[in-house]
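Contents: one structure, followed by commentary.
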Amino acid sequence: MTRLITYMHAYTQWPGAYCDTKHHSCCYPKTGKPTAEFSIHGLWPNHKDGSWPSNCNPDSVFDRLEISDLMGSLQKNWPSLSCPSSNGFRFWSHEWEKHGTCSESELNQHDYFATALKLKEKVNLLKILKNAEIEPDDGFYSLDSIVKAIEAVTSHAPGMECNKDSAGNSQLYQVYLCVDTSGSEIIECPILPRGRCDSSVQFPKF
Ligand code: AMP
């Protein structure tokens, strides 16, 4: 029996943390260094217990023609930072095939990408944090203050993920909001794992 998708994680990431980790190098997209903004990682369908399905439909291959109208926006808001430098298609194709195909009954390929872009536009994380005087200046901020600043605007606590730089500092890496299966409403996350963040985290420059 196919298990029901009950909500999704709208994953964004801070490129400064993706690039400043000991685990991998980063390469800017062929279009150049992305703007210093949170960027989209993906929209990930979830089961209620926090587990998630993947690669749900091998027949639904990524088709770049279906999202040609979104190309400019995808390049700006959903840049690929893995190496070697790319034009993003590999990353988008990976996200569609691994995650997007699991919510295909609600969102077709075009809607999957358009919905993630719309959410990013609706919630400007960098602005929210800057308004709370939390800036990407290599400074350390309490995890609690970051969560509270986002929660004050979205009404729901975000999921937080950190990584470690080569000096072992815990850095603000990914933030996810939980959204309903249509991707239009932010909802309370049924489960919020702590995500390997120290109580004080660095917000690296980019
Ligand atoms: P996922 O497979 O969607 O669960 O995400 C994890 C994979 O996405 C890993 O292989 C990461 O290295 C990759 N990844 C995360 N962020 C980016 C990015 N900005 N550009 C390219 N690949 C990424």
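The values are calculated or read from the model by the stated rules, or taken from the named source; none is laboratory data. All of these numbers come straight from a predicted model, not from anything done at the bench. In this analysis, Cβ positions are derived from the backbone assuming ideal geometry, glycine residues included, and neighbour counts consider all displayed protein chains. Accessible surface is based on the protein model in full, side chains and every heavy atom, while ligands, DNA and RNA are left aside. Shrake-Rupley method; radii C 1.70, N 1.55, O 1.52, S 1.80 Å.
When you go through (1) away from the ligand (no atom under 16 Å from the Cβ); (2) open to solvent by 10 Å² or more (accessible area, probe 1.4 Å); (3) within 19 Å of residue 182 (Cα to Cα) one by one for residue 67, which number turns out not to apply?
For residue 67, the exception is condition (2).
Tell me yes or no: at least one residue of segment 182-192 is in contact (Cβ under 8 Å) with a residue 40 or more places away in the chain, of a type outside the set (Phe, Trp, Tyr), farther than 19 Å from residue 50 by Cβ and part of a loop (DSSP other than H, G, I, E, B).
yes
Identify all residues within segment 193-206 that are part of a loop (DSSP other than H, G, I, E, B), modelled with pLDDT of 95 or more and open to solvent by 30 Å² or more (accessible area, probe 1.4 Å); write none if there are none.
So in segment 193-206, the residues part of a loop (DSSP other than H, G, I, E, B) come out as 193-199, 203-206.
Then drop every residue that is not modelled with pLDDT of 95 or more, which leaves 197-199, 203-206.
Matches in segment 193-206: 198, 199, 205, 206.
Return yes or no: is residue 120 free of Cβ contacts under 8 Å to residues at least 24 places away in the same chain, in a helix (DSSP H, G or I) and either in contact with a helix residue (DSSP H, G or I) (Cβ under 6 Å, 6 or more places away or on another chain) or more than 29 Å from residue 60 (Cα to Cα) (or both)?
no
Could you say which residue among 58, 53, 34 is modelled with pLDDT of 95 or more, near the ligand (Cβ under 10 Å from one of its atoms) and in a loop (DSSP other than H, G, I, E, B)? Break it down stepwise before answering.
Values: 58 fails: near the ligand (Cβ under 10 Å from one of its atoms); 53 fails: near the ligand (Cβ under 10 Å from one of its atoms).
Exactly one of 58, 53, 34 is modelled with pLDDT of 95 or more, near the ligand (Cβ under 10 Å from one of its atoms) and in a loop (DSSP other than H, G, I, E, B), namely 34.
Checking residue 11 against (1) of a type outside the set (A, V, I, L, M); (2) away from the ligand (no atom under 11 Å from the Cβ); (3) outside any loop (DSSP other than H, G, I, E, B); (4) touching a strand residue (DSSP E or B) at 6+ places or on another chain (Cβ under 8 Å), only one condition comes out false. Which one?
(2)
Looking at 28, 11, 7, which one is among the hydroxyl-bearing types (Ser, Thr, Tyr), modelled with pLDDT of 95 or more and open to solvent by 20 Å² or more (accessible area, probe 1.4 Å)?
Answer to the check: 28.
Of everything in segment 103-149, what is of a type in the set (Phe, Trp, Tyr) and open to solvent by less than 20 Å² (accessible area, probe 1.4 Å)? Give them in sequence order. Before the answer, list the steps.
Residues of segment 103-149 that are of a type in the set (Phe, Trp, Tyr), as a first pass: 112-113, 140-141.
Of everything in segment 103-149, those that are of a type in the set (Phe, Trp, Tyr) and open to solvent by less than 20 Å² (accessible area, probe 1.4 Å) turn out to be 112, 113.
One line per residue, one yes/no per condition, for (1) more than 22 Å from residue 193 (Cα to Cα); (2) away from the ligand (no atom under 14 Å from the Cβ); (3) in contact with a helix residue (DSSP H, G or I) (Cβ under 6 Å, 6 or more places away or on another chain):
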residue: 79; (1), (2), (3): yes, no, no
residue: 84; (1), (2), (3): yes, no, no
residue: 90; (1), (2), (3): yes, no, no
residue: 105; (1), (2), (3): yes, yes, no
residue: 109; (1), (2), (3): yes, yes, yes
residue: 138; (1), (2), (3): yes, yes, no
residue: 147; (1), (2), (3): no, yes, no
residue: 161; (1), (2), (3): no, no, no
residue: 165; (1), (2), (3): no, yes, no
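Go through segment 77-102 and count every residue that is surrounded by 17 or more Cβ atoms within 10 Å (Cβ to Cβ) and not in a loop (DSSP other than H, G, I, E, B).
Total meeting the criteria: 9.
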